[in-house]
Amino acid sequence: MVKIFFWSPSHHNSLTLGFNTDYLRYGGAFLRMTNTLFSYHNVAIKNFGHTVFSNFSLTINKGEQWALTGGGTSGIPLLLQAMAGKTLVSGGSVTKAPSVVLVSNNAHFKNRSNTGDFYFQQRFNSSEAGDAQTVRDYLSVIIPVDENSHWTIEHTLTRLRLDVLADKPIILLSNGETRRLLLAEALIKSPVLLLLDNPFAGLDVASRADLNTLFEEIIASGIHIVVAASPDEIPAVATHVAVLADAVLVKEVPFGEFNPADYAFAEDSAVDTNLLDTLISHWPRPEFESVITMNNVTIKYGEKTILNNITWQVLPGESWAIQGHNGAGKSTLLSLINGDNPQAYANDITLFGKKRGSGESIWDIKKNTGFVSADLPKFFPTDQSCAQVIESGLYDTMGLFRKPKEEHREAITGWMTLFGIENFAAKNFATAPLSVQRLCLAARAFIKKPPLLILDEPTQGLDTAQIGRLKNIITYICENTHCALLYVSHYEQEIPPCVTRKITLTRGVATIL
């Protein structure tokens with residue numbers, strides 16, 4: 001016990017404080033004090049009027065760092081939204097942290113005039129990048145909560161390796177670079193509680209290791225963290241782990257007692273091959289000899305070379321992995337293939353048997369590709385159903401802008417059933433769980449039966465079972481059709497076994513195996 005003495009002209013009392021109690025004694029009365037930083041007790045959390053969490057309780061004490069993990073429909077993204085004050089919470093009781101900042105997967109950047117969002121292809125069009133803020137401009141408008149914060153703009157730029165990108169328009173950042181920018185924005189605000197939704201997603205091996213080290217500095221600066229992560233990526237700084245399934249907290253354990261193998265969610269990765277055979281029947285055989293041919297392709301933005309002298313060919317039926325560090329040029333390479341980058345016209349590129357610049361339109365290219373990217377969900381209209389998003393793949397549009405056709409319903413239902421998400425057909429795509437969004441995008445790519453699948457980190461937000469099922473489906477397609485595959489991932493274990501070739505980019509230079 002510690003005795004603290006107070007004196008006043010009218011009386012003299014002592015304050016006795018027990019470090020392991022929630023109460024202190026002042027004179028003859030007991031006053032409640034608490035070590036609680038944040039808590040929910042028997043609350044309900046709703047998503048667009050629908051109750052997802054019921055009678056939910058969670059308490060985070062000062063000095064604790066929590067990790068949240070669970071399956072693809074765990075509800076964790078919604079929980080983080082609620083903790084950040086962005087979603088309705090009702091009933092029960094709530095203890096709020098003094099300041100909370102959420103870093104999520106969905107960044108919506110405005111142009112300089114703040115009149116609209118960026119569109120997907122704008123990222124690859126340097127002539128339009130002038131309408132975007134630079135990294136330094138974007139961070140400079142943030143007003144720190146504490147002027148004496150450890151996380152000054154200059155220190156944060158340097159620590160998160162954004163100093164070399166300070167003058168780069170934010171629309172030209174890679175997925176991993178964008179994640180670092182959003183984390184920098186959060187740190188400059190110096191919240192008491194920092195919520196991180198899958199912070200390792202889209203990061204290469206070196207960046208993941210650096211992020212684990214960064215967590216230690218964040219905590220040392222006085223910030224508490226809550227990290228949503230897969231069971232095998234929970235950072236070592238975590239003191240507690242909460243396991244969720246179907247919006248229910250099934251277990252809370254100290255980090256030292258948590259075994260990732262107990263929560264692998266791997267039992268449901270089997271695929272209904274009879275249904276899959278029906279869905280991929282009559283997949284067209286390509287009429288061209290080469291899917292992709294590139295000769296000495298170089299892409300520059302200003303003085304910076306993104307791709308340097310790339311010569312590469314992909315033949316029908318080949319399956320390739322595309323790998324490289326964040327900012328290596330992977331997304332730029334894919335943009336040349338998917339018709340999104342105007343610099344393709346200044347290079348020697350032949351796609352699907354036609355040389356770029358010979359009169360083909362962007363739609364002539366896109367009809368031959370099924371494309372999945374972690375960035376795509378934010379570019380779809382917010383009022384469309386999951387079924388509409390899948391059907392839009394048949395028209396190569398970001399959303400369905402015509403009446404749904406009855407003739408497509410069976411295929412849409414089939415793909416959703418194959419992925420185990422058929423109950424979401426009429427649900428709003430924008431508010432669906434991240435895992436459902438990712439699988440809808442996969443179905444959107446597969447339903448058109450293209451000669452080329454471009455899958456850019458398609459497993460982000462999926463649990464182990466869903467990843468296994470997706471890999472099995474991809475492999476079955478590649479082994480039973482003449483479809484070519486380009487697959488991007490930073491995780492070797494997530495690359496489908498059908499992949500036999502690899503192109504690795506290192507600062508824009510390609511190594512082909």
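Here are some notes:
- Bridgeable aspartates and glutamates around Lys427 (alpha carbons under 16 Å apart, same-chain partners fewer than 8 residues away excluded): Asp383, Glu391.
- Local net charge near His482, Cβ-Cβ under 14 Å (Lys/Arg +1, Asp/Glu -1): -2
- Ordered from highest to lowest accessible area with the whole protein assembly present and a 1.4 Å probe, Lys403, Lys355, Lys366 read as Lys403, Lys355, Lys366.
- Antiparallel DSSP beta bridges within the chain, as percent of all bridges there, nearest 5: 60
- In loop segments of the stretch 370-433 as defined by DSSP, the chymotrypsin sites (Phe, Trp or Tyr not before Pro) with at most 13 further C-beta atoms inside 10 Å of their C-beta are Phe401.
- All other residues whose Cβ lies under 13 angstrom from that of Pro458 are scored, Lys and Arg at +1 and Asp and Glu at -1, for a net of 0.
- Shape call, the chain: gyration tensor on alpha carbons, a/c limit 1.5: prolate
- Only Lys, Arg, Asp and Glu carry charge here, each on its Cβ (+1 for the first two, -1 for the last two); on that basis the stretch 396-513 has a dipole of about 260 debye about its Cα centre.
- Close amide H pairs (under 5 Å, H built 1.01 Å from N) link Ala484 with Gly317, Leu452, Leu453, residues at least 5 positions away or on another chain.
- Among the listed pairs Lys367/Lys449; Lys300/Lys378; Lys62/Lys86; Lys189/Lys251; Lys300/Lys330, those with a Cα-Cα distance over 21 Å are Lys300/Lys378; Lys62/Lys86; Lys189/Lys251.
- Accessible heavy-atom area order of Arg409, Arg285, highest first, probe of 1.4 Å: Arg285, Arg409
- Counting charges near Gln437 (Lys, Arg +1; Asp, Glu -1) among other residues having Cβ under 11 Å from its Cβ returns a value of +4.
The values are calculated or read from the model by the stated rules, or taken from the named source; none is laboratory data. Because the structure is a prediction, the values reported are computed rather than measured. Here the Cβ is made from the backbone with ideal geometry for all residues, glycine too, and neighbour counts use every protein chain on show. Heavy atoms of the whole protein, side chains included, go into the accessibility calculation; ligands, DNA and RNA do not. Shrake-Rupley method; radii C 1.70, N 1.55, O 1.52, S 1.80 Å.
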